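*Asks:* Please read through the structure below; I'll follow up with questions.
Bear in mind these aren't lab numbers, they're just calculated from the coordinates by the rules spelled out. The structure presented is a predicted model; accordingly, all values stated were derived computationally and were not measured. Note: ideal-geometry Cβ built from the backbone for every residue, glycine included; neighbour counts use all protein chains shown.
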Amino acid sequence: MSSEIEVQESKMQGIKVKEADTQENSFTVSASPHIRCDESISKIMWNVNIALAPAAIFSIYYFGVPALINLIVGAASAVAFEYLVQKFRKKKITAFDGSAFLTGLLLAMCVSPTLPVYMIIAGSFVAIVIAKHSMGGLGYNIFNPAHIGRAALMVSWPVAMTTWTKMTTSVDVVSSATPLNILKQQGYSKLIETFGSNIELYKSMFIGTRNGSAGETSTILLIIGGIYLIYKGYIKWQVPVCMIGTVGIITWIFGPSGLFSGDPIFHMMAGGLIIGAFFMATDMVTAPITLKGQIIFAVGAGVITSLIRLIGGYPEGVCYSLLLMNAVTPLIDRFVKPKQFGARGE
Amino acid sequence: MLKSFLGGIHPKDSKKYTSDKAIELPPLPETVTIPMSQHIGAPCTPIVKVGDMVKKGQVIANSEAFMHSPIHASISGKVTSIAEMPHTSLVKCLSVVIKSDGLDEWVDGIPLERDWEKLEKKEVLDIIKNSGIVGMGGATFPTHVKLSPNKEVDTFIVNAAECEPYLTADYRMMIEYSDRIVTGVKIAMKTLGVSKGIIGIEDNKPEAVKAMKEAFKGTSVDIVALPTKYPQGAEKMLIKVLTSREVPSGGLPMDVGVVVQNVGTVIAIYDAVVNGIPIIQRVTTVSGDAIKEPKNLLLRIGTSFKEAISYCGGFSKTPEKLIMGGPMMGMAQFSLDVPVIKGVSGILALSKDAVNSGEESPCIRCGRCVEACPMGLIPSMLSILGERHKFKEAKEEYNLLNCIECGSCVYTCPAKRNIVQYIKYSKSQNLAMAQKK
């Protein structure tokens, strides 16, 4: 039986058969269907990169040269590591399909813009070599590689990872902490005081003129990128809406001064929630495969993010919440299945 | 408002190549190769010998089995060989080769004129059986079996969706043969004893909808324009949309009181019952971007693909794939020498550009296949389980056997995975395991 299997598998790609009598025509013989849509993995991946571009460009404008260097090094080192791993393992080189580029770009966008370059390279090594390729490469990794890279940096260089330099181009914000840091350490009134007023706070969070990781600050540009992906059909709107909405509802209910005293508008735009909800909770490889499963995933990630922010030790919890939900993705997929056509007993 | 089925895809319909081309009658073939297996069920055994003279419409092969359908000579002439010949789905099959005498004479007694309304149900079924009628849409299930359900049925549906891209045979028949369809439907409904008849046509064929509405004016048959979405013509999806009934998993249409027949089959019923003409020819769309002049042809059974294509001017560019049927569920052919058999609704020659295959890579779990699957399966998982030889798990936990192999998942897969092939393979392995026990 095993030889039979091998024969069958050698045919999986279709075989070219030369016609015996005419010698003119040879036809490829393979299983149906014989037409395919024109989507491809690299098309999807590069489109996600394009969707991230507005926020990435904004970070260069806002944080300056260090951000530019980090973004380039992040993306380039990830591609380089993937190339080397595939070369070393004698696998087909797919380093240029946009997926490694995306991992590197996301990693650089999710850390402080002034993080030393060698740390970015180290994070990108962990992301690509350990989180992605030790699991088998694209499609087989359980955890989002960029977030594993970020988590590794967090435990390796905790100080550098939580150091936010004063911004050079903005006069509004004088603190060198992120808004969530201020909230965690000094409370909500100090946060409002720092920015001047609620409206000023929301405005900077919306536009992105605040401290934070390189690519996470501009709510509006990230949403524009996300809408592009929804329009292209690569991500489902339900995922970011459920994750961001869950955080909004929980942080509103459990506010600093009693029930329903929270500031959901601030929380929804703060930290890495927007980039996480649009670009990482929607990661195809590490999120559930059914829409129902994806919604459970998004709500779960929202709950964990809120828990970390409100009662955890860290000011921000998007990264860990997504990694924790990545871990339960196989479980979700096991139990949440689409409705069967013609299922008996209905 | 019709409620659509879940899933499905919207491939480019590519019907413009032939949709305005009237059905043409090519010159008589010099030889025909008629395989003994053109239907689901037991293959037939030849009842003619090499050297025999046969006439058009004469039975040349039959079987004792319940599930079978007799085979008729499609031209008059001399049997020159009975041997294993290339076949569209079996690679090789015992076939009767007839060399034309150029006279194209009917066997005695046909064509005739019969008043179908005076016939008993049993007589009609016998005529259909003896005329070799099978599902002409491509499934080739013997029609007499389908028209004698052993459960109560109340609805007869004509599958005129023709959801496969490129194919326009049913479309042209609806426009050109509408009168025969009307009587064919009446015969089928009377035989089944049902009063409700529905004709389901995808709404990308408004001309056909119009022609059918006109033809069926004053009858109890409803003409329904269905939303264009592949696989609208899959029997289970068609029934669901038209009647809101869901054929249970592993069940048949008759389990929900429905019998479905294809447009071509209904016309064949008319020809057989009213004129005594068995299946000796069929309408086939010869199309694809590699065909010089795509056409709809009325072809004799046993005509080689080569002859049909050369009548359409041959190839205009290098064909990458030669397909029997539609591009979604049709079978790739290795040779131009295969003959047109009863189930050949289309002959397609597609260039490399149209095929757009690409190299298979690992699943990235994007979920597009799950969204596209009309049966509510997880195709990506089935392909992975097939790849890892976990055939039993695929069957027991992921409902492998429910797959209708429509190919929507493969069409939409960005990783270009050959999901249907893994599924077919897993099904065959499960069958082999079951037989071993």
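*Asks:* Give me the dipole magnitude in Debye, nearest 20, for chain A about the Cα centre, with unit charges on the beta carbon: positive for Lys and Arg, negative for Asp and Glu.
*Replies:* On the way: 25 positive and 19 negative charges, 67 e Å.
Charge dipole of chain A: 320 debye, to the nearest 20.
*Asks:* Hey, another quick one. Please determine, in degrees from 0 to 90 and to the nearest 10, the orientation of helix A:99-109 with respect to the longest principal axis defined by the Cα atoms of chain A, where the helix direction is its Cα long axis.
*Replies:* In chain A, helix A:99-109 runs at an angle near 0 degrees to the longest axis.
*Asks:* If you don't mind, another one. When the expected Rg is taken as 2.2 N^0.38 Å, what fraction or multiple of it is the alpha-carbon Rg of chain A? Don't jump to the answer; show the numbers that get you there.
*Replies:* On the way: Rg = 22.9 Å, N = 346, 2.2 N^0.38 = 20.3 Å.
Output field value: 1.13.
*Asks:* Additional query: Roughly how many debye, to the nearest 20, is the charge dipole of chain B about its Cα centre, given +1 on each Lys and Arg Cβ, -1 on each Asp and Glu Cβ, and no other charges?
*Replies:* Working: 52 positive and 47 negative charges, 180 e Å.
Computed charge dipole of chain B: roughly 860 debye.
*Asks:* In terms of the Cα gyration tensor, with a ≥ b ≥ c the square roots of its eigenvalues, is the stretch B:150-243 rounded because a/c is under 1.5, prolate because a/b exceeds b/c, or oblate? Intermediate values should be presented prior to the final figure.
*Replies:* Details: a/c = 1.87, a/b = 1.20, b/c = 1.55.
Since a/c reaches 1.5 but b/c is at least a/b, the shape of the stretch B:150-243 is classed as oblate.
*Asks:* Here's another thing I want to ask about it. State, as an integer percentage, the relative contact order of the stretch B:364-437 based on alpha-carbon contacts under 8 Å between residues 6 or more apart. Spell out each step's value before the answer.
*Replies:* Working: 88 pairs, mean separation 25.6, N = 74.
Worked out over the stretch B:364-437, it gives 35 percent.
*Asks:* Dividing the alpha-carbon radius of gyration of the stretch B:31-100 by 2.2 N^0.38 Å (N being the number of residues), what value is obtained? Mind dumping the intermediate values first?
*Replies:* Details: Rg = 11.2 Å, N = 70, 2.2 N^0.38 = 11.1 Å.
After normalising by residue count via 2.2 N^0.38 Å, the value is 1.01.
*Asks:* Mind checking which helices in chain B clear 18 Å along their axis (Cα) and have mean Kyte-Doolittle hydropathy of 0.0 or more, DSSP H runs only?
*Replies:* B:178-192
*Asks:* If the cut-off is a Cα-Cα distance under 16 Å, which aspartates and glutamates reach B:K129, setting aside same-chain residues fewer than 8 apart in sequence?
*Replies:* B:E64, B:E120, B:D271
*Asks:* What pairs in B:K15/B:K213; B:K236/B:K416; B:K15/B:K92 have C-alpha atoms more than 24 Å from each other?
*Replies:* Values: B:K15/B:K213 22 Å; B:K236/B:K416 26 Å; B:K15/B:K92 31 Å.
Distance filter (> 24 Å) returns B:K236/B:K416; B:K15/B:K92.
*Asks:* While we're looking at this one, here's another question. Please tell me which of these pairs span more than 22 angstrom C-alpha to C-alpha: B:K229/B:K317; B:K210/B:K342; B:K395/B:K424; B:K55/B:K122?
*Replies:* On the way: B:K229/B:K317 30 Å; B:K210/B:K342 28 Å; B:K395/B:K424 12 Å; B:K55/B:K122 27 Å.
The answer is B:K229/B:K317; B:K210/B:K342; B:K55/B:K122.
*Asks:* Let me ask something else. I need the Kirkwood Rh of chain B: take the reciprocal of the average 1/r across all distinct C-alpha pairs and report it in angstrom.
*Replies:* Numbers: mean 1/r = 0.0448 Å⁻¹.
Taking every pair of different Cα atoms in chain B, averaging 1/r and inverting gives 22.3 Å.
*Asks:* Can you spot the aspartates and glutamates whose alpha carbon is less than 18 Å from A:K292's alpha carbon? Ignore those fewer than 8 places along the same chain.
*Replies:* Output for A:K292: A:D283, A:D333, B:E371.
*Asks:* So, counting K/R as plus one and D/E as minus one, what does the shell of residues with Cβ under 14 Å around B:L94 add up to? Working shown, then result.
*Replies:* Numbers: positive: B:K49, B:K92; negative: B:E84.
So the environment of B:L94 carries a net charge of +1.
*Asks:* Is the stretch A:201-291 best put as rounded, prolate or oblate by its Cα gyration tensor, with a ≥ b ≥ c the root eigenvalues, rounded for a/c under 1.5, and otherwise prolate when a/b is larger than b/c, oblate when not?
*Replies:* Numbers: a/c = 2.38, a/b = 1.38, b/c = 1.72.
Oblate, since a/c reaches 1.5 and b/c is not below a/b.
*Asks:* Which residue, B:M329, B:M136, B:M381, tops the fluctuation ranking in a GNM of chain B built on C-alpha contacts under 10 Å?
*Replies:* Among B:M329, B:M136, B:M381, the largest GNM mean-square fluctuation belongs to B:M381.
*Asks:* Given an 8 Å cut-off on Cα distances and at least 6 residues of separation, report the relative contact order of chain B as a percent. If you can, show how the numbers build up before the last one.
*Replies:* Working: 1029 pairs, mean separation 82.3, N = 437.
19 percent.
*Asks:* How big is the gap, in Å, between the Cα center of the stretch B:108-137 and the Cα center of the stretch A:228-264?
*Replies:* About 67 Å separates the Cα centre of the stretch B:108-137 from the one of the stretch A:228-264.
*Asks:* With the Cα gyration tensor of the stretch B:333-389 giving a ≥ b ≥ c as the square roots of its eigenvalues, does the rule (a/c under 1.5 for rounded; else a/b larger than b/c for prolate; else oblate) give rounded, prolate or oblate?
*Replies:* Working: a/c = 2.28, a/b = 1.89, b/c = 1.21.
Judged from the Cα gyration tensor, the stretch B:333-389 comes out prolate (a/c at least 1.5, a/b above b/c).
*Asks:* Where nothing but the Cβ of Lys and Arg (+1) and of Asp and Glu (-1) is charged, how large is the charge dipole of the protein assembly as shown around its Cα centre, in debye to the nearest 20? Don't skip to the end; give the middle numbers.
*Replies:* On the way: 77 positive and 66 negative charges, 279 e Å.
Here the size comes out at about 1340 debye.
*Asks:* Could you tell me the largest-minus-smallest coordinate of the C-alpha atoms of the protein assembly as shown on each of the three principal axes, in descending order and whole angstroms?
*Replies:* Principal-axis extents of the protein assembly as shown (Cα, largest first): 103, 56, 53 Å.
*Asks:* In degrees from 0 to 90, rounded to the nearest 10, what is the angle of the helix A:198-207 Cα long axis to the longest principal axis of chain A?
*Replies:* The two axes meet at around 30 degrees.
*Asks:* Could you tally the net charge around B:F5, taking each other residue with its Cβ under 9 Å from the Cβ of B:F5, Lys/Arg +1 and Asp/Glu -1?
*Replies:* So the environment of B:F5 carries a net charge of +4.
*Asks:* Distance between Cα centroids, the stretch B:253-283 to the stretch B:287-321: provide it in whole Å.
*Replies:* 26 Å
*Asks:* Moving to a separate point now. Under a GNM of chain B (C-alpha, springs under 10 Å), which listed residue has the highest mean-square fluctuation: B:A215, B:A169, B:A372?
*Replies:* Largest GNM mean-square fluctuation: B:A215.
*Asks:* Output the relative contact order of chain A, whole-number percent, from Cα pairs under 8 angstrom with separation of 6+ residues. Walk me through the numbers on the way to the answer.
*Replies:* Details: 526 pairs, mean separation 50.8, N = 346.
Once divided by the residue count of chain A, the mean separation gives 15 percent.
*Asks:* Calculate, axis by axis, the spread of Cα positions in the stretch A:41-161 along the three principal axes, and write the results as whole Å, longest axis first.
*Replies:* Sorted from largest, the Cα extents of the stretch A:41-161 read 40, 32, 22 Å.
*Asks:* While we're on this one: Semi-axes of the stretch B:281-355's equivalent ellipsoid from the Cα gyration tensor, sqrt of 5 times each eigenvalue, largest first, rounded to whole Å?
*Replies:* Values: eigenvalues 60, 34, 22 Å².
After scaling each eigenvalue by five and taking roots: 17, 13, 10 Å.
*Asks:* Sticking with this one: Going by alpha carbons, how many degrees (0 to 90, nearest 10) lie between the helix axis of A:238-253 and the longest principal axis of chain A?
*Replies:* The helix A:238-253 is inclined about 20 degrees to chain A.
*Asks:* What does the charge count near B:Q38 come to, summing +1 for each Lys or Arg and -1 for each Asp or Glu among other residues with Cβ under 11 Å from its Cβ? Kindly include the intermediate steps, with their values, before the conclusion.
*Replies:* Details: positive: B:R282, B:K342; negative: none.
The answer is +2.
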